[in-house]
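In what follows, a structure is listed as structure tokens, so that the remarks can point back to it.
The values are calculated or read from the model by the stated rules, or taken from the named source; none is laboratory data. Since we're looking at a predicted model, the values are computed, not measured. Note that each Cβ is placed from the backbone with ideal geometry, even for glycine, and that neighbours are counted across all protein chains shown.
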Amino acid sequence: MSPGLRVSHLHKRYGSLAALTDVSLTLRRGEVLGLIGPNGAGKTTLLEGIAGVLPADSGSVAIDDRPIAGEARGSHLFYMPDGIAPWPAQTVGWALDFTLGFFGGDRARLPAVIARLQIAPLLTRRIGRLSKGERKRALLAIAMLTPQPILMADEPFDGLDLRQSREVGAALRDHASAGRTLFLSIHQIGDAMRVCDRFVLLSAGRVCGEGTVDELSALAQSRGETPHGLEEVVLALT
């Protein structure tokens, strides 16, 4: 697969704290790339830096091998943060309709997204009154209706129970299969294994590895580790 997005030597500091140090990675067109790392690794900072929400101190982001300034990235990618409740006084149905109108998404896809994420009972509910899991599914529906070719989401499984996580994971896989490129920050290793094609491991603001499970396992073995499965690979490399 050709590179859809390339991050090169991204740096971000907050005073004496290095939040991101020389971060480089490649998001290939049509794949689901998982961003994994411990708490405080810089995952949200990285997503915000790529999206242009948080200006980086240095480094570049290229889309289809063309450098794109932060303020211009919104036409190429959509970023769904974690822990937000947009338009809290409005209903989920209103938010979906607004999203389609504002971003120019495909309205014909609306019924399928509603059914796949099982949010029909939420359409008349106010966003500010939803539970954490209900709000997460509503936000994912908003994200899946946007037309940008790249979708980045911070913790898309947070707040979901086991059954919902599996259903949302399958929905995201189908969404990618239909032509969307996904970059997901995922805390739960099991969810990451079910959804992602490749992984970027981040620790203390640095990339510790990028590749498939087999490629990352080989990297860990080259350093004298004998990991079994992605969880042990992550522990070995981060």
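Some notes on this structure:
- Meets criteria (of a type in the set (D, E, K, R), more than 28 Å from Asp64 (Cα to Cα), surrounded by fewer than 21 Cβ atoms within 10 Å (Cβ to Cβ) and in the same structural domain as Ala89 (by TED's automatic domain parsing)) for Lys132: yes
- Answer from Ala176, Ala218, Ala170 - the residue that is assigned to a helix (DSSP H, G or I) and in contact with an Asp or Glu (Cβ under 8 Å, 6 or more places away or on another chain): Ala176
- Residues in region 1-13 that are modelled with pLDDT under 95 and assigned to a strand (DSSP E or B): Pro3, Gly4.
- Selection status of Arg194, free of Cβ contacts under 8 Å to residues at least 60 places away in the same chain, within 25 Å of Gly4 (Cα to Cα) and charged (D, E, K, R): yes
- Per-region count, region 9-51, residues free of Cβ contacts under 8 Å to residues at least 24 places away in the same chain and either in contact with a Leu (Cβ under 9 Å, 6 or more places away or on another chain) or acidic (Asp, Glu) (or both): 0
- Residue match in region 154-161 (condition: surrounded by fewer than 16 Cβ atoms within 10 Å (Cβ to Cβ) and either assigned to a loop (DSSP other than H, G, I, E, B) or of a type in the set (Lys, Arg) (or both)): yes
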